[in-house]
Amino acid sequence: MLAYRQTTIAICSVNSSITQAASDRNSMSKTVIVGWIIMLAGTALWLYGYFATGNPPLFDWQTHTPWWISEFLPNIESEIGMALVWAGMVPAYWPR
């Protein structure tokens, strides 16, 4: 009877540690959430800059890059949006 109780306690202990590890793995930290918010804001700004006529770009993309790159960054709004998307990847995907 004593061996049965010890086995039951050991199994319950293992199950609780597995459950705790799974909940830790599935929870998102605040830095990941902030990273995703920055990326979403950057995507919204990039879309606005892509479809709206805005200010001239900071960098002359048409002269220094292929046409398919310069087409995605037509003005300063889209450049800032793309920079925010790249900056948001750092906290979102930084190894923990």
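Rule-based calculations on the coordinates, nothing more; no lab input. Since this is a predicted model, take the numbers as computed values, not measurements. Please note: Cβ atoms are built from the backbone with ideal geometry, for glycine as well, and neighbour counts cover all protein chains shown.
Some notes on this structure:
- Which of Y50, Y93 has the fewest Cβ neighbours within 10 Å, and the rest in rising order: Y93, Y50
- Fully extending the segment from D60 to Y93 would add 8.9 nm, taking 0.36 nm per residue of separation and subtracting the current Cα-Cα distance.
- Exposure proxy ranking, count of Cβ atoms within 10 Å, fewest first, for W36, W68, W86: W68, W86, W36
- Extension gain for A83 to M28 (0.36 nm times residue separation, less C-alpha to C-alpha distance): 17.5 nm.
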